[in-house]
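Below is one structure; the comments refer to it alone.
The values are calculated or read from the model by the stated rules, or taken from the named source; none is laboratory data. Computed from a predicted structure; not experimentally measured. Note: ideal-geometry Cβ built from the backbone for every residue, glycine included; neighbour counts use all protein chains shown.
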Amino acid sequence: MNIAAYPGSFDPITKGHLDIIERASKIVDELVVVIMENPVKKYMFTEQERLAMIQQCVKQYPNVKVVIGSGLTVDFAQSIGAKVLIRGIRAVSDYEYELQQASANQTLNPSIETLFMVSRPEYSFLSSSIAKQIAMYDGNVDACIPEVISDLFWNKVKQLRKDN
Ligand code: ADP
């Protein structure tokens, strides 16, 4: 069975992530979305919240699973039987970072390949950070955030505003 892992922060999942998930799920037998903690990033949503949000979004794809990862991405991928890592590229600015990560992962585990998927033009501006920035100023995030998690997303934004 051809299993691929799609690792990322997904803080929160956006329509751009979801598009990559849908397209990748059509070319592999099983796609595992892996929520990874990047030690240099500060997150708005807990791992459990991110897990619940992604699960809501991928319900309709029978060959997509969502898990919380740990340790090195390549080690975690190997532990779930994935031989491929899917990553998305939006613009040239993503390329340098992604190339560095892919090369490091190749050195750590040459049996795991990184496959890059190019973002659709309508999602190429989209990132979790942009969605959060728009929301902080009460802007419209319909182009960014999948409808099924809209309430969860806004509840968190409002809660954070109250706490600050
Ligand atoms: P990370 O912290 O690992 O970069 P992200 O959640 O920011 O996690 O992104 C996970 C992956 O999804 C990355 O490969 C990123 O380039 C890709 N990605 C993010 N937004 C989009 C988008 N709008 N279109 C396509 N790929 C995207």
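Of all the numbered requirements in (1) within 12 Å of the ligand (Cβ to nearest atom); (2) over 14 Å from the mean Cα position of the chain (by Cα); (3) crowded, with 17+ Cβ neighbours inside 10 Å; (4) under 22 Å from Tyr43 (Cα atoms), Lys156 misses one, and that requirement is (1). Within the range 1-17, the set of residues being of a type outside the set (Ser, Thr, Tyr), over 19 Å from Gln78 (Cα atoms) and touching a Phe, Trp or Tyr at 6+ places or on another chain (Cβ under 9 Å) comprises Phe10, Asp11, Pro12, Lys15, Gly16, His17. Within the range 71-94, the set of residues being of a type in the set (Ser, Thr, Tyr) and at pLDDT below 95 comprises just one member, Ser93.
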